Structure formats: C-alpha cells, structure tokens
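K.L.:
Below are the structure tokens for one structure; questions will follow.
The values are calculated or read from the model by the stated rules, or taken from the named source; none is laboratory data. Given the structure is predicted, the values throughout are model-derived calculations rather than measurements. Here the Cβ is made from the backbone with ideal geometry for all residues, glycine too, and neighbour counts use every protein chain on show. Areas reflect the complete protein model, heavy atoms only, side chains present, ligands, DNA and RNA absent. Shrake-Rupley method; radii C 1.70, N 1.55, O 1.52, S 1.80 Å.
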Amino acid sequence: MTNFIFQNPVKMIFGCGQIRMAGKEAMKLGKRCLIVTGKGSAKKTGVFSRIFEMLKKEGIQISELPGIDPNPRINHVIQGAEICKKEKIEFLIGLGGGSVMDCTKAISAAVFYPLHPWEMVLSCNGGKHSLPSRALPKMMIPTIAATGSEMNAGSVITNPDTTEKLFFVAQCMYPEVTIADPELTATVPPDQTAYGISDIMAHVTESYFTDPAHNPLQDRWVESVLHIMREFGKRAVVNGGDIEARTQIQWASIAALNGWIQAGVKKGFPVHVIEHALSAHYDIAHGAGLSIINPAWMKFSVKHIRDKLCQMGSRVFSLDECREPDDKNAFKAVSAFETFLNIIGSPTRLSKCGIRSTKFERIADDIIRLAGNEKGFLYGRPDLSKDDIIRILEMAA
Ligand code: NZQ
Ligand code: ZN
C-alpha cells in the first residue's frame with residue numbers, strides 16, 4: 001500500500017431516533033442558522049418541521065434556502081453565500097441528499113472565498129486559484145444513503161453555462177457534526193434507493209480496482225460493503241420501511257467514502273469522472289449514471305484488472321470458477337455485478353436513460369481537458385485516452 005495521512009474530524013451521531021439530538025447539537029454551532037433543503041421531500045416527510053421546532057426551542061434564528069436541484073448548480077451556491085452574509089449566518093444545516101449536502105458545504109466555503117465561487121470549484125480541477133481555506137461550521141442531516149458526503153470534505157457542483165460538473169475537496173468543508181438517522185431514509189423511493197446503492201458500490205470498486213493491486217485489509221472492507229449491498233439492497237428497494245436494511249445500507253454508505261477505504265490506494269475514480277461529465281450533459285441521477293458506466297468500464301479494463309475481478313467474483317458473488325482467474329471468469333464477475341444492479345432496478349445501459357451517441361466525443365474531450373494528465377490521459381487502471389473513453393461510452397450504449 002502507499003503511505004497516507006488520514007484525518008477525518010466529523011462527529012458522527014448515527015442511529016434510529018438520533019435526529020432528536022439536532023437542537024442540542026445545533027446550539028453548539030451558533031445562534032443564526034441557514035437550513036438548506038432540496039426540491040420538497042424534507043417538507044413532505046415532516047423532517048424539516050421537526051428540526052425547525054427543535055432549533056426554535058433552543059432560541060436559534062432560522063433562515064431557509066430550499067429548492068436545491070439534484071446535481072446542484074453554482075447559482076445556488078452563490079445565492080446561499082449571499083444569504084449567509086446578509087443574515088449574518090453563523091452555521092448551516094444541510095438537510096437532504098448528497099446534492100443538498102454538497103451545496104451546503106460549498107456555500108459554507110464560498111462565504112469567505114474572495115473570488116467567484118466557481119473559481120473555488122475549479123481550484124481542484126486545473127484552475128489558477130487556491131483552494132478555500134476557511135468555512136462556516138455546518139451540520140449534515142442526510143435523508144438518503146448514497147454519497148457519503150456527510151462524512152467527507154468533498155462537494156460536486158455543476159455549472160450549466162459551461163456544462164461542467166466537478167468534484168472539489170477542501171479540509172474546511174468537513175462538516176463539524178452529522179446526524180445520520182436511518183429512519184429518515186425510509187421514504188426514499190425505490191429508484192433513488194437503487195441509485196444510492198449503485199453509488200455506494202462504485203465508491204468502493206473505484207478503490208478496489210486501482211493501484212496498488214494488492215491491499216488485503218482494504219480489499220476485505222470493500223468486499224464487506226459489497227456484501228452488505230447484496231444482502232440488504234433488494235430488501236430496501238422492495239420495502240422502504242425495512243429499517244434494518246436502511247440502517248445497514250446507510251452505515252455502509254458512510255464507510256464507503258469517509259476516506260477510510262481510500263487510504264493507502266491511489267484515488268483516480270475514473271468511473272466517477274466519466275459519470276460526472278455524463279450527468280453534466282444529461283442531468284441524470286449520479287447513481288444511475290454510475291450503474292451504466294461501471295460495468296462498461298470493468299469490461300473495457302478486464303486485461304488490467306482480471307485477477308481482482310475474479311477475486312470479487314469469488315468472494316462477493318460466490319462464483320467458484322472465479323477462483324481460477326482468466327478473462328472468461330473475469331467477464332462472469334462483471335456480469336454478476338451488472339445483474340445485481342438490474343435486480344435492484346438501476347439501469348445499466350445509456351439507452352435506458354434515452355442517451356444516444358451524439359455527444360460521446362464532446363464528453364470525452366471535456367474529461368481529458370478537465371481531468372487528463374499532461375499526456376492527455378485520465379488516470380486509472382488502465383490510464384484512459386480520449387478514444388478509450390469513447391469506447392467505454394459505446395460499450396455502455
Ligand atoms: O430534492 P428532494 O425533494 O429532497 O428529493 C431528493 C431527490 O429527488 C430525493 N430524496 C432525498 N431524500 C429523500 C428523498 N425523497 C424521499 N424521501 C427522502 N428521505 O432523492 C433525490 C436525489 O437526491 P440527491 O441529493 O440528488 O441524491 P444523492 O444523495 O445521490 O446525491 C447526488 C449528488 O451527490 C454528488 C453527485 O455527483 C450528485 O451531484 N456526489 C457527491 C459526493 C461527495 N460529496 O462526496 C460523491 C459522490 O460520488 C457524488 O459525486
Ligand atoms: Zn459517487
């Protein structure tokens with residue numbers, strides 16, 4: 001494994017009913033709060049009013065920024081930062097999915113960033129300016145199990161003017177505290193539940209199929225997360241109110257991207273980079289895009305990750321033949337992975353989302369321009385050229 005520094009400062013309050021701690025925890029962060037929410041689910045499920053009442057009881061002044069889009073846009077980051085300055089906000093609460101949490105984190109840093117907030121996003125993507133170094137404190141209250149944003153320092157923001165959707169990460173964007181209450185995820189509809197599961201699986205497979213190839217402890221963690229998805233994924237999709245399944249999936253979603261599994265391995269995340277470019281152009285759900293690209297990427301990369309695919313086939317999908325690694329068995333492992341995604345109802349072809357090949361070249365160009373190295377390749381195992389990316393998109397068509 002490679003050397004690493006791991007420092008994750010998030011206070012994680014996890015479990016059913018833990019939402020009751022929101023008021024007391026909020027009080028520790030300040031007296032003037034901005035609550036950021038999505039397009040309506042937080043109000044519909046009643047969680048917004050529960051939190052509102054808890055904050056009021058503690059004498060906290062509340063401002064609101066509702067309406068954050070899935071695949072959150074830079075305009076909401078700008079609007080949120082303006083509200084924070086005008087209302088002298090002392091802390092933020094991100095109440096919703098990854099989109100709401102990412103937007104909240106970006107707002108918290110944009111408040112102090114001296115330049116246009118898009119420069120802050122570009123700072124991690126070949127931009128000229130420095131990363132944000134200061135942010136307002138924030139609490140995350142996730143209502144869907146998917147991104148792990150509640151326990152990491154990353155944020156993914158879209159700029160519709162340039163058709164770019166980019167991940168950026170800064171230490172100051174770690175939430176101070178997260179309350180992850182699996183009961184809040186019981187209302188997530190089956191399709192979004194499945195996309196969340198696909199996202200969780202992709203977070204760990206990106207770290208499994210990277211360099212160095214041999215990481216015994218990391219491998220077992222990844223395989224455990226995949227096992228949990230197999231064991232509880234369908235249960236949560238079929239019966240949203242299955243709280244045991246919701247609990248296992250949510251804890252796994254946090255473990256999948258809080259930095260623990262990524263420690264000691266290279267962080268290329270090529271499947272994510274391709275998916276972000278895809279959803280920048282087509283505004284599809286992140287997890288749906290991943291369940292389309294991930295199997296196609298695995299098939300494309302078989303020659304480079306054959307042994308590891310077979311390890312996944314044998315340890316996760318109980319394919320006995322995969323104990324003898326060869327190309328044929330590696331493809332069987334991919335097929336088992338893809339079949340599971342189909343079983344839970346996540347798409348594995350672009351055509352299922354109505355996407356045709358017209359923009360493949362443009363998407364591949366964007367990826368190499370924004371994420372390619374000096375030789376014009378996207379890092380991964382293997383490194384990908386523009387033509388390789390087009391080929392993967394064609395394989396996913
Ligand atoms: O907008 P509302 O009305 O809240 O509805 C949402 C939305 O339609 C709904 N939902 C959420 N909780 C619900 C609920 N519906 C009913 N009951 C509930 N309890 O679910 C839909 C999807 O929400 P969204 O936040 O978009 O989903 P997700 O959590 O998958 O987040 C996706 C975003 O996160 C980024 C993605 O690129 C995408 O922009 N990512 C962030 C990462 C990070 N910060 O570390 C890493 C990821 O790889 C990912 O890129
Ligand atoms: Zn993801």
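K.L.:
So which residues in region 69-93 are closer than 13 Å to THR37 by Cα and in a strand (DSSP E or B)?
P.N.:
Residues satisfying the conditions are LEU92, ILE93.
K.L.:
Could you grab me the full set of residues in region 271-311 that are within 14 Å of ligand 1 (Cβ to nearest atom), assigned to a helix (DSSP H, G or I) and open to solvent by 10 Å² or more (accessible area, probe 1.4 Å)?
P.N.:
Across region 271-311, the qualifying residues are HIS272, VAL273, HIS276, ALA277, ALA280, HIS281, TYR282, HIS286.
K.L.:
Go through region 49-63 and report how many residues are acidic (Asp, Glu) and within 14 Å of LEU95 (Cβ to Cβ). Explain how you work it out, then say what you get.
P.N.:
We begin by selecting, within region 49-63, every residue acidic (Asp, Glu); these are 53, 58.
Still in the running and within 14 Å of LEU95 (Cβ to Cβ): 53.
Residues flagged as acidic (Asp, Glu) and within 14 Å of LEU95 (Cβ to Cβ) within region 49-63 amount to 1.
K.L.:
Now for a separate question. Report, by residue number, each residue of region 179-190 that is open to solvent by 10 Å² or more (accessible area, probe 1.4 Å) and within 9 Å of ligand 1 (Cβ to nearest atom). Please lay out each step first, then the result.
P.N.:
Taking region 179-190 as the starting set, the residues that turn out to be open to solvent by 10 Å² or more (accessible area, probe 1.4 Å) are 183-184, 186-190.
Within region 179-190, LEU184, ALA186, THR187, VAL188, PRO189 meet the criteria.
K.L.:
Looking only at region 25-44, count every residue that is more than 16 Å from ligand 1 (Cβ to nearest atom) and assigned to a loop (DSSP other than H, G, I, E, B) and tell me the total.
P.N.:
Filtering region 25-44 down to residues more than 16 Å from ligand 1 (Cβ to nearest atom) leaves 25-34.
The next check asks that each one be assigned to a loop (DSSP other than H, G, I, E, B); those that pass are 28-31.
Summing the residues that are more than 16 Å from ligand 1 (Cβ to nearest atom) and assigned to a loop (DSSP other than H, G, I, E, B) in region 25-44 gives 4.
K.L.:
Hey, another quick one. Going through region 337-355 one residue at a time, which ones are closer than 13 Å to ARG230 by Cβ, among the aliphatic types (A, V, I, L, M) and surrounded by 17 or more Cβ atoms within 10 Å (Cβ to Cβ)? Spell out the reasoning first.
P.N.:
Taking region 337-355 first, the residues closer than 13 Å to ARG230 by Cβ are 337, 339-341, 343-344.
When the remaining residues are screened for being among the aliphatic types (A, V, I, L, M), the result is 341, 343-344.
Within region 337-355, LEU341, ILE344 qualify.
K.L.:
Which of the residues that make up region 107-126 are more than 16 Å from VAL169 (Cβ to Cβ) and in contact with a Cys (Cβ under 9 Å, 6 or more places away or on another chain)?
P.N.:
Passing the criteria: VAL111, PHE112.
K.L.:
Quick check on my filter: what residues within region 191-217 are open to solvent by 10 Å² or more (accessible area, probe 1.4 Å) and over 23 Å from ALA285 (Cβ atoms)?
P.N.:
ASP211, PRO212, ALA213, HIS214, PRO216, LEU217
K.L.:
Let me ask you something else. Within 16 Å of LEU393 (Cα to Cα) and charged (D, E, K, R): is that true of ARG349 in this structure?
P.N.:
Against the criterion (within 16 Å of LEU393 (Cα to Cα) and charged (D, E, K, R)), ARG349 qualifies.
K.L.:
Sticking with this structure for a sec: Quick check on SER99: is it away from ligand 1 (no atom under 12 Å from the Cβ) and either in a strand (DSSP E or B) or crowded, with 22+ Cβ neighbours inside 10 Å (or both)?
P.N.:
Working: away from ligand 1 (no atom under 12 Å from the Cβ): no; either in a strand (DSSP E or B) or crowded, with 22+ Cβ neighbours inside 10 Å (or both): yes.
Spelling it out, it is not the case that SER99 is away from ligand 1 (no atom under 12 Å from the Cβ) and either in a strand (DSSP E or B) or crowded, with 22+ Cβ neighbours inside 10 Å (or both).
K.L.:
Which of (1) within 9 Å of ligand 1 (Cβ to nearest atom); (2) open to solvent by 10 Å² or more (accessible area, probe 1.4 Å); (3) out of contact with any Cys (no Cβ under 9 Å at 6 or more places or on another chain) is the odd one out, the single condition GLY148 does not satisfy?
P.N.:
It is condition (2) that GLY148 fails.
K.L.:
Of the conditions (1) acidic (Asp, Glu); (2) in contact with a strand residue (DSSP E or B) (Cβ under 7 Å, 6 or more places away or on another chain); (3) without any contact (Cβ under 8 Å) to a residue 24 or more places away in the chain, ASP161 fails just one. Which one is it?
P.N.:
Against the list (1) acidic (Asp, Glu); (2) in contact with a strand residue (DSSP E or B) (Cβ under 7 Å, 6 or more places away or on another chain); (3) without any contact (Cβ under 8 Å) to a residue 24 or more places away in the chain, ASP161 comes up short only on (2).
K.L.:
Let me ask another. Find the residue count for region 45-74, including only residues that are free of Cβ contacts under 8 Å to residues at least 12 places away in the same chain and either touching a His at 6+ places or on another chain (Cβ under 7 Å) or closer than 23 Å to GLY196 by Cβ (or both).
P.N.:
1
K.L.:
Report yes if some residue within region 190-207 is farther than 28 Å from THR247 by Cβ and either in contact with a strand residue (DSSP E or B) (Cβ under 9 Å, 6 or more places away or on another chain) or aromatic (Phe, Trp, Tyr) (or both); otherwise report no. Walk me through how you get there before you give the answer.
P.N.:
Kept after step one, since they are farther than 28 Å from THR247 by Cβ, are these residues of region 190-207: none.
No, there is no match, as no residue in region 190-207 is farther than 28 Å from THR247 by Cβ and either in contact with a strand residue (DSSP E or B) (Cβ under 9 Å, 6 or more places away or on another chain) or aromatic (Phe, Trp, Tyr) (or both).
K.L.:
For GLU176, which of the numbered conditions (1) near ligand 1 (Cβ under 8 Å from one of its atoms); (2) farther than 30 Å from PHE360 by Cα; (3) open to solvent by 10 Å² or more (accessible area, probe 1.4 Å) fails to hold?
P.N.:
The one condition GLU176 does not meet is (1).
K.L.:
Across region 371-397, which residue is nearest to VAL302 (Cα to Cα) among those that are among the acidic types (Asp, Glu) and assigned to a helix (DSSP H, G or I)?
P.N.:
Going through the qualifying residues, I end up with ASP388.
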